[in-house]
Amino acid sequence: MASTAKRMTVLVGGGLLVLIGIVLVVLPGPGLVLVLGGLLVLSSEFPAVDKYIDPIQHKAMEAMEQTVSSPLRLAGSILVGAALIAAGVLWGLVKTLPLGGWPTGSSLILSGLVAWGLLVYSYWRVRNKRASAARG
């Protein structure tokens with residue numbers, strides 16, 4: 001019974017991450033990273049998913065590097081994160097907005113913070129990659 005509950009939790013959680021990631025592939029956001037995260041969650045209980053991880057991981061890393069490849073792209077991504085946080089505060093404070101309140105507001109704020117965290121990681125990764133290429 002416990003393994004069935006765990007399997008269902010992994011299926012729902014991983015499936016949601018994959019679905020949200022697919023939506024964010026066309027919208028601004030860390031789509032491929034969420035798809036990758038969802039696949040990693042799913043692979044813990046469904047080994048058949050493993051074959052999709054490497055290609056998605058490669059594409060996700062490429063997308064992360066492109067995001068910080070130029071100052072203009074980096075600035076745009078920082079602004080998107082700031083806009084998500086500002087929208088979250090607005091949605092949290094103005095209850096008359098559609099789905100107004102802190103449940104929606106906090107999810108927007110969290111999305112902005114996650115976007116910034118991914119930007120920092122991407123920038124750090126690209127900087128280290130360039131430094132190691134310059135050394136040798």
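The values are calculated or read from the model by the stated rules, or taken from the named source; none is laboratory data. Because the structure is predicted, anything quoted here is derived from the model rather than measured. Every residue, glycine as well, gets a Cβ built from its backbone with ideal geometry; the counts of neighbours run over all protein chains shown.
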**Report entry** Unmet requirement for Pro55, which otherwise passes all of (1) closer than 18 Å to Val25 by Cα; (2) surrounded by 14 or more Cβ atoms within 10 Å (Cβ to Cβ); (3) without any contact (Cβ under 8 Å) to a residue 40 or more places away in the chain
**Finding:** (2)
**Report entry** Qualifying positions in the range 36-85 - over 16 Å from Val12 (Cα atoms) and of a type in the set (S, T, N, Q)
**Finding:** Gln57, Gln66, Thr67, Ser69, Ser70, Ser77
Report summary line: Within the range 19-40, of all residues that are touching a helix residue (DSSP H, G or I) at 6+ places or on another chain (Cβ under 6 Å) and surrounded by fewer than 21 Cβ atoms within 10 Å (Cβ to Cβ), the one modelled with the lowest pLDDT is Pro28
Query raised in the report: What are the residues in the range 86-136 that are closer than 19 Å to Thr67 by Cα, among the hydrophobic types (A, V, I, L, M, F, W, C) and more than 15 Å from the chain's Cα centre (by Cα), if any?
Result: Trp124, Val126, Ala131
Requested in this report: Considering each residue of the range 62-105, count those that are under 17 Å from Ser122 (Cβ atoms) and either touching a Leu at 6+ places or on another chain (Cβ under 8 Å) or touching a residue at least 12 places away in the same chain (Cβ under 8 Å) (or both), and give that number.
Outcome: 13
Requested in this report: Output the residues belonging to the range 31-50 that are farther than 16 Å from Lys6 by Cα and among the charged types (D, E, K, R).
Outcome: Asp50
